[in-house]
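Q: Next up is a structure, given as structure tokens.
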Amino acid sequence: MIGTGIKTDRIVNRLGDENVANGWAESDTTGWAGSGVTVARQTNFNDVATSIKGTASATSGQLRQLSMTGSMANGVKYRNYVRVYIPSANTTLDGIRFRYANNYQWATDVLTPTADTWTDYQVDFTSADASDRLYIYMYDGESVSTITVGDIFYVTAISIRERQ
């Protein structure tokens, strides 16, 4: 299930413990890594105090992703919230796609948020393996292999909690 415009503060109390460390990039980018993406902490961007900035750095290949470094429990149902911002100044990057399983099981189709606007997403999924974690891929339309080096996106308010 995917939804947009979710108010996370009304739903969090019905969910389990937080599985994401540093989902707001409160002090640094600890808990986050990039593959073909440079990961940095951004402060005071477009009315958000702190966020994670992903900048495409790979010149070829399909791995342009931001990922959490922790993992989830096998067979557990989770609810993920994330707020995404994609600037209109990008050359090719205009969408994202969520993946949770290490065997490339996609949790969503390609999502194309409105450019220059923070967009909230909610995605429900079931972890298929104890090494599963959140991956956020950069997309150009339906392609992961044509992202221009230097294109950026921002994420904040990242939360993954066990569903009751």
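The values are calculated or read from the model by the stated rules, or taken from the named source; none is laboratory data. Since this is a predicted model, take the numbers as computed values, not measurements. A quick note on method: Cβ atoms are made from the backbone with ideal geometry, for glycine too, and the neighbour counts reach across all protein chains shown.
Q: Could you grab me the full set of residues in the stretch 130-149 that are assigned to a loop (DSSP other than H, G, I, E, B) and touching a Ser or Thr at 6+ places or on another chain (Cβ under 8 Å)?
A: 130, 131, 132, 133, 134, 145, 146, 147, 148, 149
Q: Yes or no: residue 69 touching a residue at least 40 places away in the same chain (Cβ under 8 Å) and surrounded by 14 or more Cβ atoms within 10 Å (Cβ to Cβ)?
A: No.
Q: Residues that are among the aromatic types (Phe, Trp, Tyr), over 18 Å from residue 20 (Cα atoms) and either in contact (Cβ under 8 Å) with a residue 40 or more places away in the chain or in contact with a Cys (Cβ under 6 Å, 6 or more places away or on another chain) (or both): does the stretch 82-99 have at least one?
A: yes
Q: Okay, next question. Which members of the stretch 150-164 meet the condition of being assigned to a loop (DSSP other than H, G, I, E, B) and modelled with pLDDT of 90 or more?
A: The answer is 150, 151.
Q: Can you say whether residue 97 is under 17 Å from residue 33 (Cα atoms), in contact with an Asp or Glu (Cβ under 8 Å, 6 or more places away or on another chain), among the basic types (Lys, Arg) and surrounded by 16 or more Cβ atoms within 10 Å (Cβ to Cβ), as far as the supplied structure shows?
A: yes
Q: Restricting to the stretch 129-156, and then to whatever is crowded, with 16+ Cβ neighbours inside 10 Å and aliphatic (A, V, I, L, M), can you tell me which residue is nearest to residue 28 (Cα to Cα)?
A: So, considering only residues that are crowded, with 16+ Cβ neighbours inside 10 Å and aliphatic (A, V, I, L, M), the one nearest to residue 28 (Cα to Cα) is 155.
Q: Checking the conditions here, which among 12, 20 is modelled with pLDDT under 85, over 25 Å from residue 145 (Cα atoms) and either of a type in the set (Lys, Arg) or not in a loop (DSSP other than H, G, I, E, B) (or both)?
A: Testing whether each residue is modelled with pLDDT under 85, over 25 Å from residue 145 (Cα atoms) and either of a type in the set (Lys, Arg) or not in a loop (DSSP other than H, G, I, E, B) (or both) leaves just 12.
Q: Out of the stretch 124-164, which residues are in contact with a Phe, Trp or Tyr (Cβ under 9 Å, 6 or more places away or on another chain) and small (Gly, Ala, Ser)?
A: Result: 127, 128, 157, 159.
Q: Can you name the residue in the stretch 25-81 that is in contact with a Leu (Cβ under 9 Å, 6 or more places away or on another chain) and of a type in the set (Val, Ile, Thr) and is also farthest from residue 157 (Cα to Cα) among such residues?
A: By that ranking, first place goes to 37.
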